[in-house]
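Engineer: Take a look at the following structure, please.
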Amino acid sequence: MTRSSLGYTLTAGAVCVGLLVAGCSSSPQTPSATQADSVTVTDQWVKAADSGMTSAFAELANTGPGDVRIVSASSPASTRMELHEMAPGEGGSMAMRQKPDGVVVPANGTHSISPGGDHLMLMDITAPLTPGTIATFTLTFEDGSTTSFDAAVRDFSGNKEEYLPTEDEPTEGASATTSNHGG
């Protein structure tokens, strides 16, 4: 072997070893943060109900640098859920309606899901929700990420608002009059 071919062989070998070591690097891959990663849920509860509709409430905190949007909610306790808001109804009274654009939790801020405001509406509960039991909920964010939480069921006598279904929404089981669902 000549001196130059030995040099090329050693150089090529060193490059291969370097690539092999780099390929086996143990540097951790940081997963990209999701909207759900920056949201915490506290003070969560759901209004007790025997049948029909009821509402769930919580405090949402966003520790991330950007706004996050909740686009849907689900629970084994209801066959269908909606995100709701309060809006002026007929005669100036406040009424509930679906919030089709979702719920925004501001960057480094909070959003209250509370009686008389935005809330999670269980449209058709699957079994009685009795005080002292727990219901599980999953929030889905605009980026497709999810977070789940448990909420204690408790008695609450307030918030007997009118429900305003949307035009494409079935009203079976839902009344456009005052109902005792807690939203």
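The values are calculated or read from the model by the stated rules, or taken from the named source; none is laboratory data. If you're wondering where the values come from, they're calculated on a predicted model, not measured in any experiment. Neighbour counts run over all protein chains shown; Cβ positions are idealised from the backbone, glycine included.
Engineer: From the list Ile125, Ile134, which one is at pLDDT 95 or above, over 19 Å from Glu59 (Cβ atoms), among the aliphatic types (A, V, I, L, M) and out of contact with any Lys or Arg (no Cβ under 8 Å at 6 or more places or on another chain)? Working first, answer last.
Structural biologist: On the way: Ile134 fails: over 19 Å from Glu59 (Cβ atoms).
Testing whether each residue is at pLDDT 95 or above, over 19 Å from Glu59 (Cβ atoms), among the aliphatic types (A, V, I, L, M) and out of contact with any Lys or Arg (no Cβ under 8 Å at 6 or more places or on another chain) leaves just Ile125.
Engineer: Exactly one of (1) of a type in the set (Gly, Ala, Ser); (2) farther than 19 Å from Thr146 by Cα; (3) part of a strand (DSSP E or B) is unmet by Ala73. Its number?
Structural biologist: With respect to (1) of a type in the set (Gly, Ala, Ser); (2) farther than 19 Å from Thr146 by Cα; (3) part of a strand (DSSP E or B), Ala73 is out only on (2).
Engineer: I'd like the residue in the stretch 37-70 that is among the acidic types (Asp, Glu) and in a strand (DSSP E or B) and, out of all such residues, is nearest to the chain's Cα centre (by Cα). Give the steps one after another, and end with the answer.
Structural biologist: Step one: list which residues in the stretch 37-70 are among the acidic types (Asp, Glu), which gives 37, 43, 50, 59, 67.
From what's left, in a strand (DSSP E or B): 43, 59.
Numbers: Asp43: 15, Glu59: 12 Å.
Once the filter is applied, the top-ranked residue is Glu59.
Engineer: Take the conditions part of a strand (DSSP E or B), touching a residue at least 60 places away in the same chain (Cβ under 8 Å), surrounded by fewer than 20 Cβ atoms within 10 Å (Cβ to Cβ) and under 18 Å from the mean Cα position of the chain (by Cα) and apply them to Val104. Does it pass? First the steps, then the outcome.
Structural biologist: On the way: part of a strand (DSSP E or B): yes; touching a residue at least 60 places away in the same chain (Cβ under 8 Å): no; surrounded by fewer than 20 Cβ atoms within 10 Å (Cβ to Cβ): yes; under 18 Å from the mean Cα position of the chain (by Cα): yes.
For Val104, the condition - part of a strand (DSSP E or B), touching a residue at least 60 places away in the same chain (Cβ under 8 Å), surrounded by fewer than 20 Cβ atoms within 10 Å (Cβ to Cβ) and under 18 Å from the mean Cα position of the chain (by Cα) - is not met.
Engineer: Name the residue, out of Ala58, Ala49, that is buried (at least 18 other Cβ atoms within 10 Å of the Cβ), over 22 Å from Asn108 (Cβ atoms) and modelled with pLDDT of 95 or more. Can you show your working first?
Structural biologist: Working: Ala58 fails: over 22 Å from Asn108 (Cβ atoms).
Exactly one residue qualifies, and that residue is Ala49.
Engineer: Test Gly144 against the criterion of being of a type in the set (Gly, Ala, Ser), within 23 Å of Asp67 (Cα to Cα) and not in a helix (DSSP H, G or I), and give yes or no.
Structural biologist: Details: of a type in the set (Gly, Ala, Ser): yes; within 23 Å of Asp67 (Cα to Cα): yes; not in a helix (DSSP H, G or I): yes.
Against the criterion (of a type in the set (Gly, Ala, Ser), within 23 Å of Asp67 (Cα to Cα) and not in a helix (DSSP H, G or I)), Gly144 qualifies.
Engineer: Tell me the residue from Ala127, Ala87 that is part of a strand (DSSP E or B) and more than 13 Å from Ile70 (Cβ to Cβ), please. Break it down stepwise before answering.
Structural biologist: Numbers: Ala127 fails: part of a strand (DSSP E or B).
Just one listed residue meets the conditions, Ala87.
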